[in-house]
Amino acid sequence: MGLNLRKNIKNPDDFYQELIDMQRNMNDDEVELMNAKLILILCNHIGDQEILSEAMRLARD
């Protein structure tokens, strides 16, 4: 199937606001740690190594 790059978040503005709100009152190190944890949680949820590898390649490029 492959990585879904189409719009898939029903309310992107709400999602973005929640993501920004999570970072409020955090310093840069805390934000980086939270983002790393979020990435690992979502990668575990996806679980498909092929999809994850494709996403990592796209993020790196």
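Bear in mind these aren't lab numbers, they're just calculated from the coordinates by the rules spelled out. From a predicted model like this one, the values you see are computed outputs, not experimental measurements. For neighbour counting, all protein chains shown are included, and Cβ atoms are generated from backbone atoms with ideal geometry for every residue, glycine included.
Rounded to whole Å, the principal axis extents of the Cα atoms in the chain read 39, 26, 23, largest first. Across the options 47, 27, 17, the greatest Cα extent toward the positive end of the charge dipole of the chain (unit charges at beta carbon of Lys, Arg, Asp, Glu) belongs to 47. Between helix 28-46 and the chain there is an angle of about 30 degrees, using the helix long axis and the longest principal axis of the Cα atoms. Per-residue packing, averaged as other Cβ atoms within 10 Å, sorts the ranges 5-18, 25-38 into the order 25-38, 5-18, beginning with the highest. Only DSSP H runs of four or more residues enter the estimate; each adds -39500 (n - 2.57), and after division by the residues of the chain the mean residue ellipticity at 222 nm equals -23000 deg cm²/dmol. Using Cβ point charges alone (K and R +1, D and E -1), the dipole size of the chain about the Cα centre works out to roughly 280 debye.
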